[in-house]
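Read the structure below first, then the notes.
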Amino acid sequence: MSSREVVLARIRRALSGAGAPDPAEAPPAYLRTHSPADPTALLAEHLAEYRARVHRTDAAGLPDTLARLLAARSARTVIAPPGVPDAWLPATVRRVHDSAALTAHDLDAVDSVVTGCAVAVAETGTLVLDGSADQGRRRITLVPDHHICVVRVPEQVVDSVPQALERLDPARPQTWISGPSATSDIELERVEGVHGPRALDVVLVGS
């Protein structure tokens, strides 16, 4: 049976008020993943294609890596959700604790934001935040100009979007990030930082 015949048969069944569809019309079984040999390497490649800056370290080297990235931006203030340990942040910056009292103007004055993530998708180079303790409210990752996202590899990396959805709670607020915020006008001139951070650093932390 061709795709056209399947569609027309479903329309006729819907219009007639008939029951369950014919098992022969079941949709094809799509692949949930293409099983890349190294999902972490693929994630890093796709993040770089989106103009995110990718860095690799281990847990012991994470504070030094964050200190270097913040110093490169001359950051003096950093907002971090409650689940981000103080030990991650250098003494050279002032930590701004997230609270509902912070306005968009307050957040715009912050130099950088540091968060974790819920899951990262290798095939699309996408980071997903779900408001967990180390990710915080959505607005803290959308207003500041610089976002550093820490991803634990390989445990937080999945191959595909279907696998990511299986790990996520649909009742939680989700932010899907594929590179820095950017848009193009009718002349295809790229402008970054329009509706989110202008710069995105992704730190892949191995065990």
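The values are calculated or read from the model by the stated rules, or taken from the named source; none is laboratory data. Just so we're clear, the structure is a prediction, and the values are computed from it rather than from any experiment. Neighbour counts run over all protein chains shown; Cβ positions are idealised from the backbone, glycine included. When the accessible area is computed, the model is the full protein with side chains, heavy atoms only, and any ligands, DNA or RNA have been set aside. Shrake-Rupley method; radii C 1.70, N 1.55, O 1.52, S 1.80 Å.
Just for the stretch 123-141: of the residues that are modelled with pLDDT of 95 or more and among the hydroxyl-bearing types (S, T, Y), which one is nearest to the chain's Cα centre (by Cα)? By that ranking, first place goes to T126.
Which of the following residues is small (G, A, S), part of a loop (DSSP other than H, G, I, E, B) and at pLDDT 80 or above: A18, A60, A14, A37? Write out each step before concluding.
Numbers: A18 fails: at pLDDT 80 or above; A14 fails: part of a loop (DSSP other than H, G, I, E, B); A37 fails: at pLDDT 80 or above.
None of the other options fit; the residue is A60.
Here the stretch 150-176 is the region considered, the condition is being part of a loop (DSSP other than H, G, I, E, B) and in contact with a helix residue (DSSP H, G or I) (Cβ under 7 Å, 6 or more places away or on another chain), and the residue that is surrounded by the most Cβ atoms within 10 Å (Cβ to Cβ) is D159. A count restricted to the stretch 127-149 and to residues that are within 18 Å of H46 (Cβ to Cβ) and either touching a Gly at 6+ places or on another chain (Cβ under 6 Å) or open to solvent by 10 Å² or more (accessible area, probe 1.4 Å) (or both) stands at 0. Checked against (1) at pLDDT below 70; (2) open to solvent by 20 Å² or more (accessible area, probe 1.4 Å), S181 passes all but condition (2). R167 fulfils the conditions (1) at pLDDT 90 or above; (2) touching a Leu at 6+ places or on another chain (Cβ under 9 Å); (3) not small (G, A, S) except for a single criterion, (2).
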